[in-house]
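Take a look at the structure set out below.
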Amino acid sequence: MKGYTGKILRINLSDGRVSKEEISEEMRKKFLGGRGFAAKILWEEVSGVDPLSEGNKVVFSTGPLTGLPLPSSGKMVIASKSPLTGGYGDGNIGSMAAVHLRRAGYDVLIVEGRSEAPCYIAIHDERVEILDARDIWGKMTFEAQDDLEAKHGRNVGVLVIGPAGENMVRFATVMSQRGRAGGRPGMGAVMGSKNLKAVVIKGTGKTPAFDEKRVQEMGKEGYGEIKGKDNYDFWIRQGTMQVFEWCNENSCLPTYNFREGAFRFSKQLDGYALEKLKVDRKGCPLCNMQCGMVIKDADKRNAELDYENVGMLGPNIAMDDLSKVGVLNRMADAYGLDTISLGSCLGFLMEASERELLDTRIEWGDLNACKKVIEDIAKKRGLGEIIFEGVRKASERVGGDSRDWAMHVKGLEISAYDCHACPGMALSYGTSPIGAHHKDAWVISWEISMDRFSYSKEKVEKVIELQRLRGGLFESMTTCRLPWIEVNFGLHWYPKYLEAARGEGITQEEISVLGDRIYSLIRSFWIRESGSWNREMDYPPSRWFEEPLPQGDLKGYKLDRARYGEMLSQYYEIRGWDENGIPKEQTLEGLGLGNIVRVPRKNG
Ligand code: PTT
Ligand code: SF4
């Protein structure tokens, strides 16, 4: 099949070995690329190891659309066994590194082993080097990126970790281009555990395509269509921040550690507030709807904002000024911490302090206290020692009833949508393949436009439909889904893009099977790796079931545990999983995984 380089580059940091392997035809057909490749590789190569040990691997994985002149195709998946959750973890980052990896002749980079001393990897086409990183170890991501560009030239792709990754903070992420972040479930910590500060990639070859001319033509048409969309101009003004006001109006804005769904000071934080502070716009390569909104923050420095960052570092911790949120966002990018988990961790500490479960006081909305805690997290000291492994572990440390309001699923902190009155979105969080993240099924907008309070089978089916498209197709092609979601760019384009890129399109039926295959494979990984799998792991935290919304239009609403359980059972049935959420043997057979996967049947 054309449209792939067909190569995996494997680098072992323990012994310095570098090898190149073929990607089989079967792998390409069954798993497409990106997340599909990563899940298959991790299933086969990472079993029973501590995520921060030499035995774990980091997989940087592109797909057949990555790097082609097609809308928003500068993306790659970074995956590993997660040190935050203990299960499968990945993130999707926009970076020139994705584009350069394919130009250098590789679809996938696997990094394994552990270097004795701080190092970084430099890939320049065929030449692969493991270089000394002692002079950049300890540096913030921005400075490290500057230094690496000074050494290797500005025309390279850089993936880098900050002090948080080096110190193996469990929600350390990987940064690129001073504002792109990827790998929420601790992929930065896995790099840190390998003493790997960065990967620098330069490729000078051509990105492979089956029909180059057709790709060019259709790309041009696609970019043009995006620009002509009704919502395009507003998107350019506010980007993902356009959803902030809507969340507040619909009582799904995370507020006071997900206790409430609307914030009194929301007007000081929303998309219009952003427009007043905006000084620039940035984004991923090959995109003509760039959504990284840059503002001048309260320290008079540039900070790049997205909705999730503002939701979690704003109302969730009662920070009522966007320029202050910008400071925290910039610090997270500099230290290399995931903003969603960070906002949840700060909210958790503030609530624990309010309930007198901590020796130290940390008040809601206190900027200086937050700045200090961020530094402490990155250095694992003070309150950082309590929270550096995320809210699940922190709740074991602080005790009381904190387990009920430690806002996570499977150990991954929840992204910025409150679900007291959104059962469908709660199911989406519950069944996301990496723990609570919205990326696989952002069902909430559809749900609120329909019957938001129902626990219908239609909702379950919608969650699965979105998971197939977003979690299966988009994560594996690998390209940004926002043109489709945010400006209504036609989904019908993508099978055509795949056809031009690799000589083979994809049918609706094949999209469903691909998504289901990846989901059952990742689920099998979780069951094998988590040790004690149980159905409760697919439930959101107690807070949403037990504590009704205390104010606003939806005052008194909360989730119903029994009805959520019924939805979950329907979900398992459609997926072909048993009553504990374990894929059945005939399901694995039917998805062509029979000869690949053996799932432990025991569960605890
Ligand atoms: C993603 C998660 C998100 S999702 C956001 S804001 W969002 C947060 N951004 C962070 C950040 O910034 N700095 C930081 N230190 N931590 C951050 N953590 C959070 O990470 C991102 C965009 C966004 S912005 C979204 S919705 C879409 N996500 C996509 C996806 O998942 N798949 C896909 N095929 N296309 C997507 N397009 C959009 O990409 P994770 P990015 Mg990201 C400053 O990484 O781990 O997946 O978590 O990659 O290049 O920054 O683009 O309102
Ligand atoms: Fe990146 Fe935003 Fe463009 Fe998507 S829309 S490719 S996240 S800049």
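What to note about this one:
- For A426, the test of being crowded, with 23+ Cβ neighbours inside 10 Å and within 15 Å of ligand 1 (Cβ to nearest atom) is failed.
- For region 571-599, a residue qualifies if it is within 25 Å of the chain's Cα centre (by Cα) and of a type in the set (S, T, Y), and the qualifying residues are Y571, Y572.
- Those helices (runs of 4 or more DSSP H) of region 325-405 in which 1 or more residues are within 16 Å of ligand 1 (Cβ to nearest atom), surrounded by 16 or more Cβ atoms within 10 Å (Cβ to Cβ) and among the polar types (S, T, N, Q) occupy 339-354.
- Verdict on V243 being more than 15 Å from ligand 1 (Cβ to nearest atom) and among the β-branched types (V, I, T): no
- Test: residue in region 247-255 that is assigned to a helix (DSSP H, G or I) and not polar (S, T, N, Q): yes
- Of all residues making up region 192-214, the number that are more than 28 Å from the chain's Cα centre (by Cα) and either within 16 Å of ligand 1 (Cβ to nearest atom) or open to solvent by less than 60 Å² (accessible area, probe 1.4 Å) (or both): 2
- Residues of region 175-208 that are of a type outside the set (S, T, Y) and within 16 Å of ligand 2 (Cβ to nearest atom): M175, Q177, R178, G179, R180, A181, G182, G183, R184.
- Elements of the type strands (runs of 3 or more DSSP E) sitting completely within region 103-163 and holding at least 1 residues that are under 22 Å from the mean Cα position of the chain (by Cα) and crowded, with 24+ Cβ neighbours inside 10 Å: these cover 108-112, 157-160.
- Any hit, region 84-95, residues being more than 10 Å from ligand 1 (Cβ to nearest atom), closer than 20 Å to F474 by Cβ and at pLDDT 95 or above: yes
- When residues of region 458-472 are limited to those that are over 12 Å from I574 (Cα atoms) and free of Cβ contacts under 8 Å to residues at least 60 places away in the same chain, the one most open to solvent (accessible area, probe 1.4 Å): R468
- In the set (1) free of Cβ contacts under 8 Å to residues at least 24 places away in the same chain; (2) under 24 Å from A98 (Cβ atoms), the condition left unmet by H492 is number (2).
- Across region 291-315, the qualifying residues are those that are part of a loop (DSSP other than H, G, I, E, B) and near ligand 1 (Cβ under 10 Å from one of its atoms), and the one among them that is most open to solvent (accessible area, probe 1.4 Å) is D306.
- Enumeration of residues in region 470-509 that are away from ligand 2 (no atom under 15 Å from the Cβ), within 16 Å of the chain's Cα centre (by Cα) and not small (G, A, S): L473
- Scanning region 85-102 for residues that are outside any strand (DSSP E or B) and open to solvent by 10 Å² or more (accessible area, probe 1.4 Å) turns up T85, G86, M96.
- Annotation note: of G165, G153, the sole residue that is over 22 Å from M293 (Cβ atoms), within 14 Å of ligand 1 (Cβ to nearest atom) and touching a residue at least 12 places away in the same chain (Cβ under 8 Å) is G165.
- Residue satisfying condition, being under 20 Å from L159 (Cβ atoms) and modelled with pLDDT of 95 or more, within set D321, D299, D338: D338
- Scanning region 474-494 for residues that are under 23 Å from D418 (Cβ atoms) and not in a helix (DSSP H, G or I) turns up just one, R481.
The values are calculated or read from the model by the stated rules, or taken from the named source; none is laboratory data. What you see is a predicted model, and the numbers here were worked out from it, not measured in a lab. Heads up, the Cβs are rebuilt from the backbone with ideal geometry, glycines too, and the neighbour counts pull from every protein chain shown. Each accessible area value is taken on the protein alone, full model and side chains, heavy atoms only, with ligands, DNA and RNA left out. Shrake-Rupley method; radii C 1.70, N 1.55, O 1.52, S 1.80 Å.
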